[in-house]
Amino acid sequence: MNPTTFAAILPEVLLLVLGILILVVEPFWKEKDRRNTGWLTFGGLLAILVVSLLAGRPGEPTSVFGGTIRFDWLGFFFKMLFIFAAAMTSLFMMDVEKLGRRGESYLLLLASTLGMNLMASASDLVMLYLAIETTSIPLYVLSGFIVDDEKSTESGFKYLLFGAMTSAVMLYGFSLLFGFTGTTNLYEIAAAVAGAQVSTVTALGVIALVLVGIGFKVSLVPFHFWAPDTYEGAPTPVAGFLSTASKAAGFAVLVRLFFIAFAKNGLAPDWTTGLAALATLTMTLGNLVAMTQTNIKRLLAYSSIAHAGYVMIGVVAFSNLGVTSVVFYLIAYILTNLAAFGIVAVFSRVAGSDKISDYAGLSRRSPWLAMAMLVAFLSLAGMPPFGGFVAKVFVFAAAVKSDLVWLAVVGVINSILGVYYYLTVLKVVYLYRMEGEAEESHPIPLTRPYGIALVVLSLGVLLIGTLFAPWFSASGAAALNLF
Amino acid sequence: MTVDLILFLILALVAVATAAGMLFSRNAVYSALFLVLNFASIAVFYLLLGAPFIAMAQITVYAGAIMVLFLFVIMLLGAEQLAPIKVLPWQRPLAIGLAAVLVAETAYLLILRAKPAADIIPPAETVNTLGELQRLGMALFNQYLLPFEVTSILLLVAMVGAIVLTKREKGERE
């Protein structure tokens, strides 16, 4: 095996090693020490991040493993994001009851991350489908991990049913794609589609079938129904992972498929109008329904649906700047939303509730937690100087540059809708008081893993919002691989 | 060619009938047996397509191993008889409507657009004839090496997941 081939799957190999290490080591630890599995996972993931950054960087884009894997900056960049998100999630998982002391939960997290890594770099339909399943199956289990909690079981089961159905539809699309082009390699499909005699209607049908599977992963309307129920019932850190890394993996597949295999050159049909309509629907529905939510996890679920819509704007722009803005948006979004779900996890661990009204007086109960919440929610709302603001600016700029001014306007109107419900939550946190009780006697202690993760994420959100040039140029380098 | 076509039509009827039988029978054991028959007829499809190896794999893996497991589970659980289910009032009209759409679509494809079927390009090379089992192995362990390995990870993780979801931790209430 030559060095490039090995470097291409270095993070995946290391993830597998770490997973097996956890599986072997965990049973030897005493019951009270099992929480250390979380530290082991976190440390291991950080080490993988560092080693991959040092030894696994791609050079010129190359296809390895018989063309099933594409080794380029786009895939690499996403891989690093997923590993980072998994590291943060492992910290959030540690103090969750019935989840944090089980080695299996970390193994499932790592396996899912491995699947995402392969999703980001897969360039063959067979590999892609396997990668999507490797990502999803551990996540189904993680969502339903807390077996004696009915909500968690319901969440896992709903996710499984939706996932199985959409992946079957997508597989049908893949089989048609193979039937029409005679190859499963994305780059060869691109060539075959460009010179094929497939009618526009058929081609659009195939694209629609494939889009069902990806739309489910990134929770685009109308494939979003699972998201609120799954997020609400799943253990909170898992919900955070689902709404960030899993969604970003979906977008990684989406851009590769739509920009390489279904590229709008020659005879390939124009799919942007349809996707623009979906983006509009997704943003509007997500934001409107989010306004009426009383449960914070459901609110974040609808907000994450809306954010998928914003990211789609960048995809629809179909330009270099568009993909750059998609990647940049995903960086900012992953940091912000992980923080938001982390805060919810901390709060519900102590208060035992996910109701927004129970957040009253949080600023007095735990000023630092309230501060982190301020950062995360203002970034989600798209306020400067946080990451969410810059990300939105780039996405809208990409739309305007591609003559899609109307879409940018829709996006801006939607952001204003978003500001309303994010600020409503912050109003409860900062202005409302707990009824008839002294807030100081109900503190919300932060355990060390939560503290570390929230500090890192909050600083990250701030950093991306202020010093965005290096991130933007890195996103640009990743985007360049598609053109 | 015509023999193939006649065989295909008969088998297609069998396949569809057994699939329907699987769905409609109220006894889980009958359903499982119908499914075995369905798998067997699909295996013959593979034979017709010139893929004897896949046909054999279909028989041994699906009709053999997996269905035996299914039957065991059904019988061990004693879940042969389905409880009567409440029928949703809107379900039947909706199903009829969707079925009509499907029939119309099929008719459209078969009658009006029969020609573009020729557009379907067969894969560049046929690797799956029994004599060329070697080439199947070569394809699996060269070009598709990584997906093959990833499958093993997927199976491991699925197994861990299944154990997590079914096994109770010590000290937890039943």
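The values are calculated or read from the model by the stated rules, or taken from the named source; none is laboratory data. From a predicted model like this one, the values you see are computed outputs, not experimental measurements. No Cβ is skipped: glycine too gets one built from the backbone with ideal geometry, and neighbour counts run over all protein chains shown. To get the accessible areas, we keep the full protein, side chains included, count just its heavy atoms, and leave off ligands, DNA and RNA. Shrake-Rupley method; radii C 1.70, N 1.55, O 1.52, S 1.80 Å.
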Checklist entry - Would you pick out the residues in the stretch B:13-36 that are of a type in the set (Gly, Ala, Ser) and free of Cβ contacts under 8 Å to residues at least 24 places away in the same chain? => result B:Ala17, B:Ala19, B:Ala20, B:Gly21, B:Ser25, B:Ser31
Next on the checklist: Regarding the stretch B:147-156, can at least one residue be identified that is surrounded by 14 or more Cβ atoms within 10 Å (Cβ to Cβ), modelled with pLDDT of 90 or more, hydroxyl-bearing (Ser, Thr, Tyr) and in a helix (DSSP H, G or I)?
Outcome noted: yes
Checklist entry - Of the conditions (1) free of Cβ contacts under 8 Å to residues at least 12 places away in the same chain; (2) in contact with a Lys or Arg (Cβ under 7 Å, 6 or more places away or on another chain); (3) not hydrophobic (A, V, I, L, M, F, W, C), A:Pro367 fails just one. Which one is it? => result (2)
Item to check | Pick from the stretch A:425-442, criterion in contact (Cβ under 8 Å) with a residue 12 or more places away in the chain and either of a type in the set (S, T, N, Q) or open to solvent by less than 80 Å² (accessible area, probe 1.4 Å) (or both), ranking: nearest to A:Thr292 (Cα to Cα) | outcome: A:Val425
Checklist entry - Do we find that A:Arg101 is in contact (Cβ under 8 Å) with a residue 24 or more places away in the chain, outside any helix (DSSP H, G or I) and buried (at least 24 other Cβ atoms within 10 Å of the Cβ) in this structure? => result no
Checklist entry - Yes or no: A:Ser123 within 13 Å of chain B (Cβ to nearest Cβ), touching a residue at least 24 places away in the same chain (Cβ under 8 Å), open to solvent by 10 Å² or more (accessible area, probe 1.4 Å) and not charged (D, E, K, R)? => result no
Next on the checklist: Step by step: first the residues of the stretch A:70-114, then only those that are over 16 Å from the mean Cα position of the chain (by Cα) and small (Gly, Ala, Ser), then the one that is farthest from the other protein chains (Cβ to nearest Cβ). Which residue is that?
Outcome noted: A:Gly100
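State yes or no: is A:Val238 within 14 Å of chain B (Cβ to nearest Cβ) and either closer than 21 Å to A:Leu125 by Cα or modelled with pLDDT of 90 or more (or both)?
Taking the combined requirement at face value, the residue satisfies it.
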Next on the checklist: Can you tell me which of (1) in a helix (DSSP H, G or I); (2) touching a Ser or Thr at 6+ places or on another chain (Cβ under 7 Å); (3) open to solvent by 10 Å² or more (accessible area, probe 1.4 Å) is the one A:Val169 doesn't meet?
Outcome noted: (2)
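Please determine whether any residue of the stretch A:178-187 is in a helix (DSSP H, G or I), more than 10 Å from chain B (Cβ to nearest Cβ) and open to solvent by 20 Å² or more (accessible area, probe 1.4 Å).
At the first step, the residues of the stretch A:178-187 found to be in a helix (DSSP H, G or I) are A:178-181, A:186-187.
With more than 10 Å from chain B (Cβ to nearest Cβ) added as a condition, the list becomes A:186-187.
Now narrow it down to the ones that are open to solvent by 20 Å² or more (accessible area, probe 1.4 Å): A:187.
Among the residues of the stretch A:178-187, at least one is in a helix (DSSP H, G or I), more than 10 Å from chain B (Cβ to nearest Cβ) and open to solvent by 20 Å² or more (accessible area, probe 1.4 Å), which makes the answer yes.
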Checklist outcome for this item: Checked the stretch B:46-58 for anything within 25 Å of B:Leu23 (Cα to Cα) and crowded, with 18+ Cβ neighbours inside 10 Å; matches are B:Tyr46, B:Ala55, B:Gln58
Checklist outcome for this item: Contact list, first residue from the stretch A:50-69 and under 15 Å from A:Leu480 (Cβ atoms) and away from chain B (no Cβ under 14 Å), second anywhere and modelled with pLDDT of 90 or more and open to solvent by 50 Å² or more (accessible area, probe 1.4 Å), beta-carbon distance below 8 Å, six or more apart or interchain, is A:Pro58/A:Trp73; A:Pro61/A:Trp73
Next on the checklist: Based on this model, can you work out whether A:Ala8 counts as of a type in the set (Gly, Ala, Ser), under 20 Å from A:Ala120 (Cβ atoms) and either more than 13 Å from chain B (Cβ to nearest Cβ) or without any contact (Cβ under 8 Å) to a residue 60 or more places away in the chain (or both)?
Outcome noted: no
Checklist outcome for this item: The one condition A:Thr202 fails out of (1) in contact with a Gly (Cβ under 9 Å, 6 or more places away or on another chain); (2) within 14 Å of chain B (Cβ to nearest Cβ) is (1)
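Consider the stretch B:140-155. How many of its residues are under 20 Å from A:Gly115 (Cβ atoms) and more than 8 Å from chain A (Cβ to nearest Cβ)? Please lay out each step first, then the result.
Going through the stretch B:140-155, the residues under 20 Å from A:Gly115 (Cβ atoms) turn out to be B:144-155.
Still in the running and more than 8 Å from chain A (Cβ to nearest Cβ): B:148-149, B:152, B:155.
Selection size over the stretch B:140-155: 4.
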